[in-house]
Amino acid sequence: MVFICQECGYHSPKPMGRCPECEQWNTFVQREESPQRRAASAGAARPRELSRIPTADAPRLKTPFAELDRVLGGGIVPGSMVLLGGEPGMGKSTLLLQATALMAEAAGPVLYVSGEESETQIKMRARRLGLEGKGLYLSAETDLETILEQVQETAPRLLIVDSIQAVQLEGLGTPPGSLGQVRECAQHLRPWVKGRGLATFLVGHVTKEGAIAGPHALEHIVDAVLYLEGEPHSPYRLLRSVKNRFGPTHEVGIFQMGERGMEEVADPSRAFLEERMETAIGSAVVPTLEGTRPLLVEVQALASPTPFGTPRRVANGVDYNRLLMVAAVLSKRLGFPLGSQDIIVNVVGGLRVTEPAADLAIAMALVSSLRDIRISPGLVAVGEVGLSGELRSVGQMERRLAEAAQMGFRACLLPRTAARRLTGPLPLELRPAATLSEALSVALG
Ligand code: TYD
Ligand code: MG
């Protein structure tokens, strides 16, 4: 017997009044210990000498999406547990349905457990996507023990649980989707799928406020955590890995949600700059890095006099606090009258740029709008802005420059310190600047 806190999932061999982890009162319920746990505590799992452990180089399962494979670190590792999180409507179910339907045909059975949609709903979606679904088994079950029985029957190579918030373990006494349930279910599944070498995807919903219990509590239980993000009104979707035991983190895959489901975006820089007006005022292009991949994005800004009251700042796709910082440096150090202006900054294509490397582009777009002067269309800008108005170096300049040159840009405005480090032939002209003020006079005269 084991006692489990329903709030946070803390395990204890005896009942407790107050949970030592989350400090809630009267939250413990009694449960049968799972066979795996019992075996483990009986000493079945002994330490093994490193040299005697066989190298488990089981070949990875390739998905039909090169972008997904790359984010996973080269395909799906058998026996791994991957959490796919994201806001509702981002396309998690669509992406997994497309990937698994094609994989099932090629590599063997897949069990897709959907606690959210009925079999007919999934069938209709599959038909719309042109997926036949040979070898793809659907189940609308939500009871975890029953799901595990189904796994035993179907012996799949891949298990999808869509979503982890919809399934439950009986006897916990808490509703599905509660923190205790979500954690207990994942913890219950883990040794089970590991033992069978069964690769598993758990879908987890998150809201902007992180209101629904789940994904964050699961991050340490699973092997990899991927998030699918994007703006509701933009077709672009970014698949990010924030944790990966079997590959690099912060890798990004770019998809587009269209008529025929999720499609890979082969040339994202081109896609994101497609509608750019080269003569536009208040527009700057920054070569950012998403994981190891360079991506050119357009930052737009609009500064307009505040009609009354406190000036407003709106940040779409850039970090709000970075925008405040850049605006403060512009007004306090460089004397731009932003205190009487409403400011809107927008990253085109529904992307989110969190890198400080975008500071300079934000500042340039703002001043361009304020002064009504356009930035030379062949120029990209990259650099972090410090509180004294100095420009600070950013990493991986070579990659950024190569991408900008490939997209037809002719020059790059960058911190002097970063320019000094660059040696050898360069794909485009460098315009080094030590301070924000210097950079602005290069870009806007
Ligand atoms: P879905 O995969 O259900 O999202 P999630 O599982 O993350 O909640 O995707 C739902 C949205 O995607 C829905 O708004 C409709 C849209 N969509 C398309 O635009 N094209 C398609 O081919 C499909 C299947 C869905
Ligand atoms: Mg879904």
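Each residue in segment 416-441 was checked for being among the aliphatic types (A, V, I, L, M) and closer than 21 Å to ALA328 by Cα, and 5 pass. Exactly one residue out of GLY261, GLY177 is open to solvent by less than 20 Å² (accessible area, probe 1.4 Å), on the phi > 0 side of the Ramachandran plot and modelled with pLDDT under 85, and it is GLY177.
Among residues belonging to segment 63-94 that are without any contact (Cβ under 8 Å) to a residue 40 or more places away in the chain and open to solvent by 10 Å² or more (accessible area, probe 1.4 Å), point out the one that is farthest from ligand 1 (Cβ to nearest atom). For segment 63-94, the residue satisfying everything is ASP69.
The number of residues in segment 110-120 that are within 27 Å of the chain's Cα centre (by Cα) and either more than 15 Å from ligand 2 (Cβ to nearest atom) or open to solvent by 20 Å² or more (accessible area, probe 1.4 Å) (or both) comes to 5.
Within segment 316-337, count every residue that is among the hydrophobic types (A, V, I, L, M, F, W, C) and open to solvent by less than 20 Å² (accessible area, probe 1.4 Å). Counting residues in segment 316-337 that are among the hydrophobic types (A, V, I, L, M, F, W, C) and open to solvent by less than 20 Å² (accessible area, probe 1.4 Å) gives 6. Strands (runs of 3 or more DSSP E) fully within segment 179-258 that include at least 1 residues being within 16 Å of ligand 2 (Cβ to nearest atom) and of a type in the set (Gly, Ala, Ser): 199-205. Filtered by the rule that a residue be of a type outside the set (Ser, Thr, Tyr), farther than 18 Å from ALA365 by Cα, surrounded by fewer than 16 Cβ atoms within 10 Å (Cβ to Cβ) and touching a residue at least 60 places away in the same chain (Cβ under 8 Å), segment 265-315 gives a lone residue, ARG270.
Among helices (runs of 4 or more DSSP H) entirely within segment 78-173, having at least 3 residues that are closer than 27 Å to VAL29 by Cβ and in the same structural domain as ALA224 (by TED's automatic domain parsing) singles out 144-154.
Output the residues belonging to segment 309-324 that are more than 25 Å from the chain's Cα centre (by Cα) and not in a loop (DSSP other than H, G, I, E, B). Residue satisfying the conditions is ARG313 alone. Output the residue which, of all residues in segment 143-171 that are acidic (Asp, Glu) and in contact with a strand residue (DSSP E or B) (Cβ under 7 Å, 6 or more places away or on another chain), is surrounded by the most Cβ atoms within 10 Å (Cβ to Cβ). It comes out as ASP162. Just one of the listed residues (ALA126, ALA140) is hydrophobic (A, V, I, L, M, F, W, C), within 16 Å of ligand 2 (Cβ to nearest atom) and open to solvent by 30 Å² or more (accessible area, probe 1.4 Å), and it is ALA140. Exactly one residue out of SER118, SER163 is of a type outside the set (A, V, I, L, M, F, W, C) and either at pLDDT 95 or above or closer than 28 Å to ARG240 by Cβ (or both): that is SER163.
The values are calculated or read from the model by the stated rules, or taken from the named source; none is laboratory data. Keep in mind the model is a prediction, meaning the values are calculated, not measured. Note: ideal-geometry Cβ built from the backbone for every residue, glycine included; neighbour counts use all protein chains shown. Heads up: the accessible areas ignore ligands, DNA and RNA and are worked out on the full protein's heavy atoms, side chains in. Shrake-Rupley method; radii C 1.70, N 1.55, O 1.52, S 1.80 Å.
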